[in-house]
Amino acid sequence: MRLPFNPLLLLALMSECFLIYASVLVKVIEMPPINIAFYRIIIALPFFLVIANASKNVFRFPIKDMFLMIFAGVFFSLDLLFFNMALRNTSVANVNLMGSLACFILVPIGIIFFKESVKKSFFVGAVVAAFGVFTLVNGRGSESVASFYGDFLAFLSVVCYAFFLSIVYGLRKKYNTMEIMFFACIGSSISLYIFAYIIEGVVLPNGFKEWLVVCGISFFGQIVGQGLFNYVLGKVNIQTSSLLLLFSPVIAAIMGFFILGEKLGIFEILGIFIIILGVYFAKRESH
């Protein structure tokens with residue numbers, strides 16, 4: 001797979017680094033995971049409002065489009081809910097490894113709804129990657145912090161994330177990143193508040209240190225990380241954007257090892273390489 005230098009690729013790699021660093025912060029804070037997701041969104045909401053509303057009145061957009069952006073936020077809230085819960089039950093590497101599989105959901109969506117073509121290599125890669133997932137979840141090493149339950153939550157997260165990205169991909173042809181992120185954050189914050197209230201009870205961060213970590217999660221994960229990735233999403237086709245998710249498991253494994261001291265079992269490492277190989281086959285002729 002040969003990828004020529006492209007500023008968009010660099011931006012995508014930066015966004016992945018910020019997103020994964022935010023997931024590392026979720027691992028080190030004791031706050032309930034759904035509450036963390038809620039504060040990640042609600043802290044970022046005023047920032048997106050100020051930037052999005054700077055050049056035009058976003059509240060004069062067509063009602064249908066505003067509703068669609070808010071609806072996308074509901075999918076994103078489910079992504080964060082499952083993502084943060086998964087981080088409490090499996091490794092950072094596994095959660096982000098599952099995230100790299102979004103391409104196998106995004107590409108069919110691109111074919112059906114955006115009339116994009118796909119090569120036969122995609123289906124070969126899908127079979128290889130599916131085998132990698134089977135290896136990953138059935139052969140974890142004894143020293144691994146991963147679990148089947150956590151991996152399953154991560155899988156649910158990536159399904160919701162793929163639907164969120166597909167809606168954003170369509171909207172980016174008409175609206176800019178900040179406009180979409182503002183309305184998506186409205187949908188996400190409302191949904192996450194309801195989920196947090198029902199499942200965990202809404203709580204405040206405990207002290208200055210916890211507030212600092214929560215603000216870091218919001219800044220690195222939502223404002224910079226997700227904002228950058230959604231910007232890139234509007235500049236490339238849906239197949240290329242899904243390819244960029246391939247880098248997340250490698251970055252996550254490195255951060256998890258150096259920051260959290262996470263260890264990967266031999267079968268997890270093997271599963272990672274098999275899945276990366278599968279994504280390689282799927283994407284080598286699709287861009």
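The values are calculated or read from the model by the stated rules, or taken from the named source; none is laboratory data. Everything numeric in this text was worked out from a predicted model, so none of it was measured. Here the Cβ positions follow ideal geometry from the backbone for every residue, glycine too, while neighbour counts run over all protein chains shown. Just so you know, the surface numbers come from the protein's heavy atoms only, side chains and all, with ligands and any DNA or RNA stripped out. Shrake-Rupley method; radii C 1.70, N 1.55, O 1.52, S 1.80 Å.
Key figures
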read-out: Derived scalar couplings ³J(HN,Hα) [the range 48-65; Karplus, 6.51 cos²θ - 1.76 cosθ + 1.60; whole Hz; x for Gly, Pro]; value: 5, 5, 4, 5, 5, 8, 5, 9, 7, 7, 5, 7, 9, 5, x, 3, 4, 5
read-out: Residue-wise HN-Hα coupling along the range 201-216, computed from phi with Karplus coefficients 6.51, -1.76, 1.60 (Hz; x: Gly, Pro); value: x, 6, 10, 8, x, 8, x, 4, 4, 5, 4, 5, 5, 4, 5, x
read-out: Flagged links, alpha-carbon separation over 25 Å, of Lys120/Lys173; Lys56/Lys174; Lys27/Lys209; Lys64/Lys120; value: Lys120/Lys173; Lys64/Lys120
read-out: Where Cys185, Cys215 fall by accessible area, highest first, once all protein chains stay in place (1.4 Å); value: Cys215, Cys185
read-out: Accessible-area value, Leu212, 1.4 Å probe, nucleic acids and ligands omitted, Å²; value: 110 Å²
read-out: Modelled FRET efficiency - R0 35 Å, Leu204 with Val50, Cβ distances, 0.05 increments; value: 0.90
read-out: Gyration tensor verdict on the range 185-232 (Cα atoms; rounded if a/c is under 1.5, prolate if a/b is larger than b/c, oblate otherwise); value: oblate
